[in-house]
Amino acid sequence: MNRFEQRLQRRLQNEEFAEGYREMDAELELMHAIDLMRKHQHMSQEKLATLMGRKREAISRLLSSDDVNPTLNTFIELLSALKLTADITLRQAREGEGPIKVVMELAPPQCEVSDTLL
């Protein structure tokens, strides 16, 4: 374990710090998943920005910044532009579990059926 990891482990023993860390980690994981879905759809940040009525630089910061804190409205705009839906289930947290669990379902690429194959 390197020095950063050792310091982080000590700080995570502080419950207030640990809660903030889990929340930040959940936000980053969610935005990372959205960016992976964008890439899976072969959509550029420029195209996503256009669909959302934003500048590409704003989308780039939103998807790659370590200091991301999107509003619910922005999250919904992202989902709509990417033609995604989010299923949200609220339940009692299990021991050591963070506030958000991200699960992605990747649709297989759409294939066109050729008339010659029919």
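Tabulated data
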{"item": "³J(HN,Hα) computed for each position of the range 94-101 - Karplus, 6.51 cos²θ - 1.76 cosθ + 1.60, integer Hz, glycine/proline x", "result": "8, 3, x, 8, x, x, 9, 10"}
{"item": "Global form of the range 35-81, assessed from the alpha-carbon gyration tensor, a/c cut-off 1.5", "result": "rounded"}
{"item": "Highest average packing first - 87-99, 31-43, Cβ atoms within 10 Å", "result": "31-43, 87-99"}
{"item": "Cβ-Cβ FRET estimate between Q13 and H40, R0 fixed at 35 Å, reported to 0.05", "result": "0.40"}
{"item": "Relative contact order for the chain, counting Cα pairs under 8 Å that sit 6 or more residues apart, in percent", "result": "28"}
{"item": "Inter-probe distance in nm under a simple model that places probes 7 Å from Cα toward Cβ, at L84 and T71", "result": "2.0"}
{"item": "Tail beyond 26 Å, pair distance distribution of the chain (Cα, percent)", "result": "37"}
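Rule-based calculations on the coordinates, nothing more; no lab input. Bear in mind that the values here come from a model prediction, so they are computed numbers and not experimental data. With ideal geometry, Cβ positions are generated from the backbone for all residues, glycine too; neighbour counts draw on all protein chains shown.
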